[in-house]
Amino acid sequence: MKRDLISIRDLTRGEIEGFFDLATDLKQRLHQQIPHPLLPARTLALIFEKPSLRTRVTFEVAMTQLGGHAIYLAPQDIRLGARETVEDAAKNLSRWVDGIVARTFNHATVEQLAQHATVPVINGLTDLTHPCQALSDLFTLKEKRGNLAGLRVAFIGDGNNVCHSWLYGAAKMGIHLTVACPKGYAPNRDVVAKAREEAAATRARLEVIHDPVRASEGADVLYTDVWVSMGQEDEGSRRKQEFQGFQVNQALVDLAQEDVLVMHCLPAHRGEEITDEVMDGPHSIILDQAENRLHVQKAILAALLGR
Ligand code: CP
Ligand code: NVA
């Protein structure tokens with residue numbers, strides 16, 4: 001049976017820890033210049049309906065380092081659902097490649113790809129979730145803190161795709177997550193409810209509030225993301241007004257723990273959701289998160305595409 005990675009909700013805690021162990025091993029091997037061709041001659045198709053720096057580059061580099069190859073398919077190349085159906089594209093690709101990463105607008109598109117492809121499908125971000133990002137973030141936190149359970153994380157800003165994957169990830173790993181968002185920008189209620197069901201087993205506390213100050217007080221981690229996600233450009237000016245007061249700046253950092261870690265999935269809009277001072281400051285682990293996309297995704301690829 002092929003395995004997909006569509007949502008962190010579908011993973012067990014043991015599977016997540018397995019990815020992390022392999023990622024640690026692969027990261028060490030890379031830093032020691034020890035070759036690790038776990039996917040010789042395997043090919044990965046990358047379908048992107050939206051722009052990307054980190055996701056595209058890390059998956060392409062990952063396949064090179066694992067001894068395989070990646071094919072990038074830009075928005076105008078496939079036009080899923082317009083030039084041909086998602087089902088036809090999935091069935092064709094399955095005859096040639098060993099795996100598919102897809103970044104789409106509708107979450108249902110990735111689910112349909114997974115349903116019709118006979119090779120593993122990995123979610124490279126949808127309007128609903130961004131599992132590879134949150135898994136890399138959790139791995140980064142584990143590297144820095146040793147243990148995830150019991151950490152207090154404040155997600156300041158939009159209840160968006162990254163926030164949704166964080167809700168699932170926090171629930172699985174026993175992290176207390178407080179989302180502080182303006183009214184009207186709360187995370188999807190269904191996602192919150194499903195994450196809370198999972199949280200019962202790990203005793204993770206998942207809260208949604210509208211006060212960034214209260215969320216930041218005593219937090220171990222401050223996390224933020226853009227106020228205007230890809231596809232929401234038309235709402236840009238309204239969002240920028242409504243998110244005033246939700247900027248991760250020195251005043252919020254000062255309310256958190258002395259050794260608070262500041263995280264951002266990137267790309268950042270400096271001066272909007274985060275200040276230069278905080279992004280480039282001593283608490284920031286933002287570039288470590290970006291680096292770890294490579295190591296964690298290599299582990300995911302090796303686990304899903306390896307024979
Ligand atoms: N964080 C992230 O997924 O970045 P890209 O949009 O550049 O891939
Ligand atoms: N929420 C952002 C994340 C980018 C990686 C977006 O969807 O644009």
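Details
- Extreme residue, farthest from residue 158 (Cα to Cα), among residues of the stretch 256-297 that are among the small types (Gly, Ala, Ser), more than 16 Å from ligand 2 (Cβ to nearest atom) and touching a residue at least 24 places away in the same chain (Cβ under 8 Å): 281
- Looking across the stretch 215-255 at every residue that is polar (S, T, N, Q) and without any contact (Cβ under 8 Å) to a residue 24 or more places away in the chain, the one that is nearest to residue 139 (Cα to Cα) is identified as 232.
- Among the residues of the stretch 166-212, those identified as out of contact with any strand residue (DSSP E or B) (no Cβ under 9 Å at 6 or more places or on another chain) and either of a type in the set (Gly, Ala, Ser) or modelled with pLDDT under 95 (or both) are 174, 184, 193, 200, 201.
- Evaluation of residue 89 against (1) open to solvent by 10 Å² or more (accessible area, probe 1.4 Å); (2) free of Cβ contacts under 8 Å to residues at least 60 places away in the same chain; (3) closer than 30 Å to residue 233 by Cα (one fails), failing number: (1)
- Test: residue 138 is in a loop (DSSP other than H, G, I, E, B) and within 16 Å of ligand 1 (Cβ to nearest atom): no
The values are calculated or read from the model by the stated rules, or taken from the named source; none is laboratory data. It should be emphasised that the depicted structure is a prediction, and the values quoted were computed from it without experimental measurement. Quick reminder, even Gly has a Cβ in these numbers, built from the backbone with ideal geometry, and neighbours come from all protein chains shown. Note: accessible area is taken over every heavy atom of the protein model, side chains too, but ligands, DNA and RNA are not part of it. Shrake-Rupley method; radii C 1.70, N 1.55, O 1.52, S 1.80 Å.
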